[in-house]
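S.K.: Before we start, here is the structure in question, set down as structure tokens.
The values are calculated or read from the model by the stated rules, or taken from the named source; none is laboratory data. Fair warning: this is a prediction, and the values are worked out from it, not measured in the lab. Virtual Cβ from ideal backbone geometry, glycine too; neighbours counted across all protein chains shown.
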Amino acid sequence: MKKIIVLLFLLVGVIHPSLAQNKASSELNGFIQAITNVHYLAKLKVTKVEITVQNDGLEKQVFFAEVLDTYKGESHKNISYAMLVEQGEDVVFNSTPVYVALCLDSAGDYYWPGTGSEFKLSTVIDVWLAENKEKLMGIVSAANWCK
């Protein structure tokens, strides 16, 4: 029985780092994909949300945030961006900083392009950004998520 328990611990010890590395790799790949498909990328701290009910059964949630760092697009101290959701959908935000990938419309307003556009802070992303920040400001993309 002791041998089985020892083998289980060894197996978990071998598998766990591999699973963590796959999760980090997947997270970074999603982040890089977002960068290439939007106009703007920044680290934000959301400070307020305003909700307006639309006539079409949707809600327009406008997020106001302090910009902690800009990685792609024009630099701002503060920013607002809109998100359209189904009426009654919960607004989820807190003061924890996040990375947000946004689109820019023809009027110059930012908007959230959808799922996969917000990322929690992580060591993997932080390291990648530190190594690639200069390159990011020069990236011109087709902004495919913004069409």
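S.K.: Does residue 43 meet the test of being outside any helix (DSSP H, G or I), modelled with pLDDT of 50 or more, within 14 Å of residue 125 (Cβ to Cβ) and among the charged types (D, E, K, R)?
M.R.: yes
S.K.: Another one. Based on what the data block shows, is residue 51 buried (at least 17 other Cβ atoms within 10 Å of the Cβ) and out of contact with any Pro (no Cβ under 7 Å at 6 or more places or on another chain)?
M.R.: For residue 51, the condition - buried (at least 17 other Cβ atoms within 10 Å of the Cβ) and out of contact with any Pro (no Cβ under 7 Å at 6 or more places or on another chain) - is not met.
S.K.: Contact list please: Cβ distance under 8 Å, first residue in region 82-109 and touching a residue at least 24 places away in the same chain (Cβ under 8 Å) and crowded, with 16+ Cβ neighbours inside 10 Å, second residue of a type in the set (Gly, Ala, Ser) and assigned to a strand (DSSP E or B), pairs at least six apart or on different chains.
M.R.: Sorted first by the residue in region 82-109, then by its partner, the pairs are 99/42; 100/42; 100/65; 102/42.
S.K.: Taking the stated definitions as given, is residue 66 free of Cβ contacts under 8 Å to residues at least 24 places away in the same chain, under 16 Å from residue 111 (Cβ atoms), in contact with a strand residue (DSSP E or B) (Cβ under 8 Å, 6 or more places away or on another chain) and surrounded by fewer than 19 Cβ atoms within 10 Å (Cβ to Cβ)?
M.R.: Considered against the rule, which asks whether it is free of Cβ contacts under 8 Å to residues at least 24 places away in the same chain, under 16 Å from residue 111 (Cβ atoms), in contact with a strand residue (DSSP E or B) (Cβ under 8 Å, 6 or more places away or on another chain) and surrounded by fewer than 19 Cβ atoms within 10 Å (Cβ to Cβ), residue 66 comes out as no.
S.K.: Answer yes or no as to whether residue 91 is in contact with a strand residue (DSSP E or B) (Cβ under 7 Å, 6 or more places away or on another chain) and part of a strand (DSSP E or B).
M.R.: no
S.K.: Can you name the condition, by its number, that residue 125 falls short on among (1) of a type in the set (Val, Ile, Thr); (2) in contact with an Asp or Glu (Cβ under 8 Å, 6 or more places away or on another chain); (3) loosely packed, with under 12 Cβ neighbours inside 10 Å?
M.R.: The number of the failed condition is (3).
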